[in-house]
Amino acid sequence: MGTMEMVAAADGREQDDILLHIENLKVGFQTTSGFVRAVDGVDLKVRRGRTLAVVGESGCGKSITARSVLGLLPEQNTVMSGSIAFKSRTGEVLDIASLPRRGKRMRSIRGAEIAMIFQEPMTSLTPVFTVGDQILEALRLHTPVRGAQALARAIELLEMVGIPEPESRLKAYPHQMSGGMRQRVMIAMALASNPSLLLADEPTTALDVTVQAQILDLMRGLQDELGMSVVFITHDLGVVAEMAHEVAVIYLGQVVEYASVDDLFERPTHPYTRGLLNSLPRIGATERLVPIAGSVPDPREHRVGCRFADRCASRMAKCDTPPPLIKLPHGQDVRCWLHENEGGTQS
Amino acid sequence: MTNAQPLLDVQHLSKSFVIGKKLLDEGQTLRAVDDVSFTLERGESLGVVGESGCGKSTLGRTLLRLYEPTSGRVVLAIDGAASDFSTIKGEALKQMRRKLQMVFQDPSASLNPRMTIRDILREPFAIHRHVPAAEIEARIRGLMAEVGLREDALDRFPHSFSGGQKQRIGIARALALEPDLIVLDEPVSALDVSIRGQVLNLLKDLQRGRGLSYIFISHDLAAVQYIADRIAVMYLGRIVELASAQSFYAAPRHPYALALLSALPVPNPKLRRGRQPPRGTIPSPINPPSGCHFHTRCPFATAGARLHRCSGEVPQLREIASKHWARCHFAEEIQQSSLAVR
Amino acid sequence: MSVAQSEGDVPQVKAPARRNADGTYWSQTRRRFMRSRVGVAGAVVVLVLYLICLILPEFFAPYDPESKNAQYFGGPPQVVRFVDDEGQLSIQPFVYGVARKIDPKTMQRTFAEDRSVHYPIGFFVRGDAYKLFGFIPADIHLFGSADGKGHVNLLGTDRIGRDVLSRMIHGGRLSLSMGLIGVSISLILGAVLGTVAGYFGGVTDNVVMRATEVLMAFPTLPLWMTLAAAVPPDWSPTAVYIGITAILALVAWGTLAREVRGKVLALREEEYVLAGRVMGASHARLIFRHLLPGCFSHIIVVATLAIPSMIIAETALGFLGLGVKPPMISWGVMLNEAQNIRSIAHTPWLLFPAIPVIVSILAFNFLGDGMRDAADPQSEL
């Protein structure tokens, strides 16, 4: 087999393997104080059974990206373009971005094939219904299971997410549970329809450290067991290291670095990624932190050139031209002129 | 310094709240801070760590008399004279407040949105009049420079600043009274990752430059390690471990502290490990478990006589190693040195 | 000792435009308010009403409220016309004269248009003399009979020939000012007691709150009636006016106090207030520098929304004959005259004062809603 064929075969396998492919996604909001380019040309690939961590600071567009996959963005004053290709269970590839948001097809995907969990489970659970009611409702909406079978499935789901005494917990109301338990219920509901993709938007940020560890363990275990793909949105690089296979670092609506988790932590390449890692205090390390200068700018400000330039220590004249995402030979993508000459292909 | 009086000597401090008290309802007692004692030397910083509901924020606020302590003493040694801060009143309290300041968690909420930065920084001078009026403006400008902000920011309102900048303003306000001790209540938790490091560095520099003492309250063990000389771990109102940072991070002696450290996600995929997070969640502080509060989740309080002791007998804060206290019946058995690898 | 921060996030020369960076709190609030069309409409209507009724009623009303037209009592509204019977267009509007007829059988008086007589309507005409702002003698009215010979009663006349429109405009002075003054009094009471209760808490809070509960437990109408009945009948009209206003205010402060207390309770735990306490700020400083300014927008909104109920209360009392009494004029007093079936059947135009009551109440509610949205910084986006 020649090299060319091998590459082609690998490409084919990779194509097969890709569950969700976001291409050149742009989302903008018209607000009273100006137009915000919240997401500005994001490309992401989620492979089967893998976890893609999307990491960035507040306002970088990471949550908006996830929400656009589910068609959960407000319809008013929102402009969206690009494609979101999702391989559905039937094997066909759908462009979610072009599906009518309230259409039947979208509903059959949202919550069924793609599920989502949020930061604060209390606001995503209805306070007036019991946990059991809400899980049964999820089952009714997305699966053909009914009656006693549905009840058994609900108990099974609660067991799966590690809730003790699931039969009695079915009758509990969300406010009677702790934050960690509520997040487990949210996960159980998300899993009700056996989704192939789970979007997790800062699912452990509101939780205590020990509870966070439990939930992360749970999510990893469930992924191994069910083989689903996960998009894990977070600002916490520690959580990224714990959870991810691949990582996309986002800054002001653009992917600035895209790498496997080992590459990212071993060879952080973009100045922003390096800056983030250097800003983190670590246990056992005593040397002075070297944080990034300045603060996260307002996304409404229009910028020409590299968006990170005015906080970057390695800024040069070329940074006034927007850098492309450069593919480095060892499989890392980075949006920075510093690596222009190492680049294989430019996209 | 060791034979001199410590700057702060907290003795058996407790703070209880009565929850749900109505006209005909007695309500329940929540012991948010339960018999806490520690000392703090001048220039030293104590990190207080724990999860939600452990009482760390209440401790900070009770120390500053934002809450009146239920019992106990807070002895402050200022200018060579010691006095009990927890009972003084009126003008004496006001004067003493100068020495104890606070930086809050939410930088947006801690600045009055209707005042300019100049007015906000002028307020401490207006309250205490410790600086001649003619010098105030120069002092304000000095404070701005000290926290790394430009003077032209003075006439703007808080909302036009980023979180990190607002937190710097909050720090400048605390410094205006030239305090000896600053209680930092989760000062970086609300900030973006890239900003946290800046504020932590600033706090460190200020401490060195001004000889400040800090009580650094946080749930983030890594941030605490960066600032603190000593660590106090709290669980359901009690200090369960108190040690120098070095000794603590090298070998924590309380099972809860151990659990906290092992639960902390580490930004290094090579160190992904099979962890054992503690079972269950933090019990309600209104009705904490008997004996050792942690026994319901503790991997060491397994069964039989051991569980009997842990659930029946409140452990004392004992000195396990030199200057290393832990509140556990079996602290001697807990050895964890693998943590040092990180 | 200055710590030079190489990595300090020094603001850039170009001030970074954070969320709503430009302008102060108030200018932002104003901008948000201007975006609420209903609120702005409410504000315009309220301002126009107050201009007409409170500031310049003598000018806007064509007649003195007490001047009687002996020829035209109980007369229906006259219609403004531009085209006469012969189809002739006149630039100047006019009304037809009226002819009185008496039904020989029932002895009932009726009025019919006398199409042979034109009474042209003029603007800025001389009419009944009055004192502008109470001291500048004047006799110019916005409109009236151009030549002074005819009469223009656009909303008809009452049983003794007084112009309903003029009385309505003058009546508004009392009805609207009572709402304003009453709310101001209850606002001061409510704000002081609410702040004290919320700030000091404990026993003080309990006493104030139980008092408001007792107050609010009374059904309002009987309470007003009892209190109003207690106003001595021999009081001068002005004294009665003040008395009734005070009664309305005393009944209404409870709601305001509760609102203010709730807001103060929330603000008391704000970190910037705690920061003030840590610095050793006095109670007065905390209340006046931090708490009240924080509640201010809220208080204004609550007060605006309380004015309509004051206007209603005044109207209701006047209607029942328990409020201010003639010769004072208010919308309630005017409606009191339209109480019986006979007058509604024969002179339905006496019910016209109900219209400004409805309009002003709606306008205040729209204004208050608009202000509430504007005062809430969360309502952005």
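Tabulated data
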read-out: Odd one out for A:G221 among (1) more than 10 Å from chain B (Cβ to nearest Cβ); (2) crowded, with 24+ Cβ neighbours inside 10 Å; (3) outside any strand (DSSP E or B); value: (2)
read-out: Residues (assigned to a helix (DSSP H, G or I) and within 13 Å of chain A (Cβ to nearest Cβ)) located in the stretch B:208-242; value: B:R208, B:L221, B:A222, B:A223, B:V224, B:Q225, B:Y226, B:I227
read-out: Of the criteria (1) part of a strand (DSSP E or B); (2) facing chain C (nearest Cβ under 10 Å), which one B:V75 fails; value: (2)
read-out: Members of the stretch C:123-182 found to be under 30 Å from C:V302 (Cα atoms) and open to solvent by less than 10 Å² (accessible area, probe 1.4 Å), listed by number; value: C:G171, C:G172, C:S175, C:L176, C:M178, C:G179, C:G182
read-out: Some residue of the stretch B:84-97 being within 11 Å of chain C (Cβ to nearest Cβ) and farther than 11 Å from C:G280 by Cβ; value: no
read-out: Filtered residues of the stretch B:325-342 (kept if outside any loop (DSSP other than H, G, I, E, B), at pLDDT 70 or above and either of a type in the set (S, T, Y) or surrounded by fewer than 20 Cβ atoms within 10 Å (Cβ to Cβ) (or both)); value: B:E332, B:E333
read-out: Residues (charged (D, E, K, R) and either crowded, with 24+ Cβ neighbours inside 10 Å or without any contact (Cβ under 8 Å) to a residue 24 or more places away in the chain (or both)) located in the stretch B:167-184; value: B:R168, B:R173
read-out: Complete set of residues in the stretch C:281-293 that are more than 31 Å from the chain's Cα centre (by Cα) and surrounded by fewer than 21 Cβ atoms within 10 Å (Cβ to Cβ); value: C:S282, C:H283, C:A284, C:R285, C:L286
read-out: Tally of residues being surrounded by fewer than 24 Cβ atoms within 10 Å (Cβ to Cβ), in contact (Cβ under 8 Å) with a residue 24 or more places away in the chain and not hydrophobic (A, V, I, L, M, F, W, C) across the stretch B:239-263; value: 4
read-out: Test set (1) in a helix (DSSP H, G or I); (2) more than 23 Å from the chain's Cα centre (by Cα); (3) within 14 Å of chain B (Cβ to nearest Cβ) - C:H298 fails condition number; value: (2)
read-out: The stretch B:62-81: number of residues that are over 24 Å from C:E271 (Cβ atoms), open to solvent by less than 50 Å² (accessible area, probe 1.4 Å) and in contact with a strand residue (DSSP E or B) (Cβ under 8 Å, 6 or more places away or on another chain); value: 3
read-out: Residues that are at pLDDT 90 or above and on the phi > 0 side of the Ramachandran plot, drawn from the stretch B:274-312; value: B:G291
read-out: Options B:V131, B:V183; residue that is at pLDDT 95 or above and not acidic (D, E); value: B:V183
read-out: Exclusive hit being acidic (D, E) and not in a loop (DSSP other than H, G, I, E, B), set C:E58, C:E86; value: C:E58
read-out: Qualifying position, being under 18 Å from C:A316 (Cα atoms) and part of a helix (DSSP H, G or I), among C:A211, C:A197, C:A249, C:A239; value: C:A249
read-out: Test: C:R342 is within 14 Å of chain B (Cβ to nearest Cβ) and open to solvent by 60 Å² or more (accessible area, probe 1.4 Å); value: no
read-out: Filtered residue count, the stretch B:127-147, keeping only those that are facing chain C (nearest Cβ under 8 Å) and under 19 Å from C:L286 (Cβ atoms); value: 2
read-out: Flag for A:S81 being open to solvent by less than 90 Å² (accessible area, probe 1.4 Å), among the hydroxyl-bearing types (S, T, Y) and in contact with a strand residue (DSSP E or B) (Cβ under 9 Å, 6 or more places away or on another chain); value: yes
read-out: Which listed residue is modelled with pLDDT of 85 or more, part of a helix (DSSP H, G or I) and surrounded by 15 or more Cβ atoms within 10 Å (Cβ to Cβ), from C:V333, C:V357; value: C:V357
read-out: Test: residue in the stretch B:85-105 that is open to solvent by 60 Å² or more (accessible area, probe 1.4 Å) and touching a residue at least 60 places away in the same chain (Cβ under 8 Å); value: yes
read-out: Residue within the stretch A:262-285 that is facing another protein chain (nearest Cβ under 10 Å), open to solvent by less than 30 Å² (accessible area, probe 1.4 Å), under 27 Å from A:Q212 (Cα atoms) and in contact with a strand residue (DSSP E or B) (Cβ under 7 Å, 6 or more places away or on another chain) present; value: yes
read-out: In the stretch B:268-312, residue farthest from A:G180 (Cα to Cα) [restricted to those that are assigned to a loop (DSSP other than H, G, I, E, B), open to solvent by 20 Å² or more (accessible area, probe 1.4 Å) and within 8 Å of another protein chain (Cβ to nearest Cβ)]; value: B:N268
read-out: Residue within the stretch A:124-145 that is at pLDDT below 90, open to solvent by 60 Å² or more (accessible area, probe 1.4 Å) and of a type in the set (A, V, I, L, M) present; value: yes
read-out: Residue that is nearest to the other protein chains (Cβ to nearest Cβ) [pool: residues in the stretch B:154-188 that are part of a loop (DSSP other than H, G, I, E, B) and touching a strand residue (DSSP E or B) at 6+ places or on another chain (Cβ under 7 Å)]; value: B:L177
read-out: Residue list for the stretch C:268-290, restricted to those being more than 17 Å from B:A126 (Cβ to Cβ) and either more than 7 Å from chain B (Cβ to nearest Cβ) or in a helix (DSSP H, G or I) (or both); value: C:R268, C:E269, C:E271, C:L274
read-out: Residues within the stretch B:109-145 that are outside any helix (DSSP H, G or I) and surrounded by 16 or more Cβ atoms within 10 Å (Cβ to Cβ), tallied; value: 9
read-out: From A:T210, A:T205, residue being within 14 Å of another protein chain (Cβ to nearest Cβ) and in a helix (DSSP H, G or I); value: A:T210
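One line per residue, one yes/no per condition, for (1) part of a helix (DSSP H, G or I); (2) in the same structural domain as C:L174 (by TED's automatic domain parsing); (3) surrounded by 24 or more Cβ atoms within 10 Å (Cβ to Cβ):
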residue	(1), (2), (3)
C:I307	yes, yes, yes
C:G318	yes, yes, yes
C:G323	no, yes, yes
C:N365	yes, yes, no
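The values are calculated or read from the model by the stated rules, or taken from the named source; none is laboratory data. Source: prediction; values computed, not measured. Neighbour counts are summed over all protein chains in view; Cβ atoms, including those assigned to glycine, are modelled from backbone coordinates with ideal geometry. What goes into the accessible areas is simple: the full protein's heavy atoms, side chains included, and nothing from ligands, DNA or RNA. Shrake-Rupley method; radii C 1.70, N 1.55, O 1.52, S 1.80 Å.
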